[in-house]
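Working notes for the structure below.
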Amino acid sequence: MDISQVAKQSGIPASTLRFYEKKCLIRSVGRQGIRRVFSEDVLELMSLIALGRVAGFSLDEITGILGSEKTLDVDRDLLLNKASELDEMIQKLVAIRDGLQHTAIYTAPSHLEYPRFRRLMNLAATGAIKGNTLHK
């Protein structure tokens with residue numbers, strides 16, 4: 001299947017497919033004129049890459065997971081470490097959500113008077129929580 005078919009079926013732009021090929025995440029099997037041609041299993045690879053990205057893996061980590069011959073070579077410790085990172089992120093996000101909800105119903109004239117809101121501000125200022133928590 002040529003690159004435009006892969007792009008259409010996967011919903012991934014051709015430019016991203018070319019980038020993934022450059023990063024050795026996928027491999028074309030040839031060319032049809034000037035267009036790259038991929039085997040049918042590229043769609044499964046795209047699904048694995050999408051899952052890895054949603055889970056927060058970097059492209060380099062995903063390359064390692066896919067293995068050198070594009071056979072799935074899952075490092076179980078890597079998966080467990082990522083699961084622990086996600087647990088930590090979830091705990092932080094729940095604490096932030098709860099703090100924001102409590103602050104939203106606080107009735108004093110200034111939210112700066114609310115100790116819980118000040119704690120959130122201090123945690124953010126010291127780097128204990130980061131605005132880019134989801135984009136590590």
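The values are calculated or read from the model by the stated rules, or taken from the named source; none is laboratory data. Keep in mind the model is a prediction, meaning the values are calculated, not measured. In this analysis, Cβ positions are derived from the backbone assuming ideal geometry, glycine residues included, and neighbour counts consider all displayed protein chains.
Scanning the stretch 64-123 for residues that are more than 29 Å from Lys23 (Cβ to Cβ) and among the small types (Gly, Ala, Ser) gives Ala95, Gly99, Ala104, Ala108, Ser110. Evaluating Ile65 against the criteria (1) at pLDDT 90 or above; (2) surrounded by 13 or more Cβ atoms within 10 Å (Cβ to Cβ) leaves one unmet condition, (1).
Evaluation of Ser58 against the conditions (1) under 16 Å from Val6 (Cβ atoms); (2) surrounded by fewer than 14 Cβ atoms within 10 Å (Cβ to Cβ); (3) of a type in the set (Ser, Thr, Tyr) shows that the sole unmet condition is (1).
Give me the residue from the stretch 1-50 that is under 20 Å from the mean Cα position of the chain (by Cα) and aromatic (Phe, Trp, Tyr) and, out of that set, nearest to Leu72 (Cα to Cα). So, considering only residues that are under 20 Å from the mean Cα position of the chain (by Cα) and aromatic (Phe, Trp, Tyr), the one nearest to Leu72 (Cα to Cα) is Tyr20. Close Cβ contacts (under 7 Å, 6 or more residues apart or on different chains) running from residues in the stretch 93-115 that are under 19 Å from Ala128 (Cβ atoms) and at pLDDT 80 or above to residues that are aliphatic (A, V, I, L, M) and surrounded by 10 or more Cβ atoms within 10 Å (Cβ to Cβ) comprise Ile96/Leu120; Ile96/Ile129; Gly99/Leu120. Of all the residues in the stretch 117-129, those that are in contact (Cβ under 8 Å) with a residue 12 or more places away in the chain, in a helix (DSSP H, G or I) and either aliphatic (A, V, I, L, M) or touching a Gly at 6+ places or on another chain (Cβ under 6 Å) (or both) number 1.
Among the residues of the stretch 19-38, those that are in contact (Cβ under 8 Å) with a residue 12 or more places away in the chain and not aromatic (Phe, Trp, Tyr) comprise Glu21, Lys23, Cys24, Leu25, Ile26, Arg27, Ser28, Gln32, Arg35, Arg36, Val37.
Let's see how each residue does on (1) over 28 Å from Leu45 (Cβ atoms); (2) within 25 Å of the chain's Cα centre (by Cα):
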{"position": "Asp73", "(1), (2)": "no, yes"}
{"position": "Leu80", "(1), (2)": "no, yes"}
{"position": "Leu86", "(1), (2)": "no, yes"}
{"position": "Lys92", "(1), (2)": "yes, yes"}
{"position": "Arg97", "(1), (2)": "yes, yes"}
{"position": "His102", "(1), (2)": "yes, no"}
{"position": "Ser110", "(1), (2)": "yes, no"}
